[in-house]
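Take a look at the structure below.
Just so it is clear, none of the values below were taken in a lab; they were calculated from the coordinates. Keep in mind that this is a model prediction, so the values were computed, not measured. Cβ coordinates were reconstructed from backbone atoms using ideal geometry, including for glycine residues, and neighbour counts include every protein chain displayed.
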Amino acid sequence: MTYITGTAQTETRHIDFTAGLIQMTLATKGVQSIVAPLWDGPQLQSYEVSLTLGTKPEKVLRLTGAVAMAAGVDAVRIGLHCGKLLIEIPKPLEARQTLPARKLLDLEPATSWHVPLGLGATGRTVWLNLADERYCHVALGGTTRSGKTNLLHWLLSRLLVQNGAHDLQLLLCDPKGYELEPFAMSRHLVHPPVYNTREIVQVLAWLHQTTRERAHSGVSRPRILAVIDEVKELVDRCSEVKGILASLAQIGAGVGVSIVVTTQQPGSKALGDALPNFPCRILGRVVSKTLSYGAAGRARSQAECLLGRGDMLLLGPDGMIRLQTPLVTRSELRAIPRWERASQIPKLDLPTAVSIPVDTDPRGGWNRKAIDQDAVRLAVQMGATATDLHHELGINYDRACRLYEQYGGEP
């Protein structure tokens, strides 16, 4: 087994000694094994565990506390990766390092849609293929300083450098107004970045219409990438976004439309019915074991044991991989093709109103119609007038005025 190590001989001896302690600890618990050093990473050291025939891996998974004591740390993470049982031990705080992005820049991607996300717990490069329908929609999660914004910047910068503007069209939805600022002048933009709720809903409505047109025509190029930062905040302000996202995620996978969202907790509260169509999640540190299950969507992710600063989990149809993502610097971001002036960025012809579904009121009677109140509120937010409500809903003008004023329209 090849072991990636530093030059210090004392460090090598310490790692070998730790492996021996873990092996003896497992033996005292009735688990016969061979523990060997596997990889010395920027923030953790990993060890491969070979079990005797017939020994169930679950026996080791239940011994995290004993293994942590043997390694002299507060907590360890034990998991399966590519058929191997791995023990991942965090380094002391003062010994932890970042992974420079330049170490991944020389790698040759299989296609322009492959991005090296970082190095896995075995030392191998972990790739994300945006053209793979199983990975074309990505939810980035994790607490503050977990590394999700840095990873988003790395992912976007690689895609924009590796693909021309004729192959990739970019839409940026940035409710905070500053997280996506490095890409605000990208030549791949088909519309200026949008920041307020109304404009974001308009852009998503345009994308939804375009996606449906592609589904009917069979067109799938160029690929359209929509990036939504802090999607939970957007959903809280406008609940209809969940429905739009669900439809986009379902239809878009087959017609060249990809969605990347960020949120601290990528669960049903943030994504709603779209969650099943986001099978790819990249998760940073969460604050508790309870939140770990909801964020990962599966048991035993141990996301609460992640170290932050780019130590993350890739959870997808092919399994779960722990990886160290690179630290992006200004030099990598400067490589993005840019417009010189904001006036050069094209603008889409965005919809100014939405279609409001109207159902017949079973009680009958003149002008008695059941109205989707959320849709009315959204229509007013997007600029619909009382007259628009009067005509589209088929209700009398007085009732249209009351609805208009009720949802924030100016009298």
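For the chain, a simple Cβ point-charge model (Lys and Arg +1, Asp and Glu -1, everything else neutral) yields a dipole of about 860 debye relative to the Cα centre. In the chain, the DSSP beta bridges split such that about 60 percent are antiparallel, to the nearest 5. For segment 280-296, putting each phi into the Karplus relation 6.51 cos²θ - 1.76 cosθ + 1.60 with θ = phi - 60° gives couplings of 9, 10, 10, 10, x, 4, 10, 7, 8, 5, 5, 6, 4, 5, x, 6, 7 Hz, in residue order, rounded to whole numbers and with x for Gly and Pro. Think of the chain as a dipole: +1 on every Lys or Arg Cβ, -1 on every Asp or Glu Cβ, centred on the Cα centre; then among Ser46, Pro175, Thr12, Thr12 lies furthest on the positive end.
Amide H contacts of Arg77: Glu88, each under 5 Å away and 5 or more positions distant or on a separate chain (H built 1.01 Å from N in the peptide plane; Pro and chain starts excluded).
Calculated mean residue ellipticity, 222 nm, the chain: -9500 deg cm²/dmol, from DSSP H runs (n ≥ 4) at -39500 (n - 2.57) each, averaged per residue and rounded to 500.
In this structure, the amide hydrogen of Leu327, modeled 1.01 Å from its nitrogen in the peptide plane, lies closer than 5 angstrom to those of Leu99, Ala101, counting only residues at least 5 positions away or on a different chain. Annotation: amide H of Gln43 within the under-5 Å range of Gln97, sequence separation 5 or more or interchain, hydrogens built in the peptide plane. In sequence order, segment 318-324 has phi-based couplings of 8, x, 10, 10, 8, 8, 9 Hz under the Karplus curve 6.51 cos²θ - 1.76 cosθ + 1.60, θ = phi - 60°, and Gly or Pro positions carry x.
Calculation over all alpha carbon pairs of the chain in 10 angstrom steps from 0 returns a P(r) of 4, 20, 26, 21, 14, 9, 4, 2, 0 percent. Note on segment 85-152: with charges restricted to the Cβ of Lys and Arg (+1) and Asp and Glu (-1), its dipole about the Cα centre is near 260 debye. Coupling constants for segment 223-237 follow from the phi torsions by the Karplus curve (6.51 cos²θ - 1.76 cosθ + 1.60, θ = phi - 60°), and in residue order they are 5, 10, 10, 9, 10, 10, 7, 6, 5, 4, 5, 5, 5, 5, 7 Hz; glycine and proline get x. Peptides 282-290, 108-116 ordered by packing proxy, namely the average of other Cβ atoms within 10 Å per residue, highest first: 282-290, 108-116.
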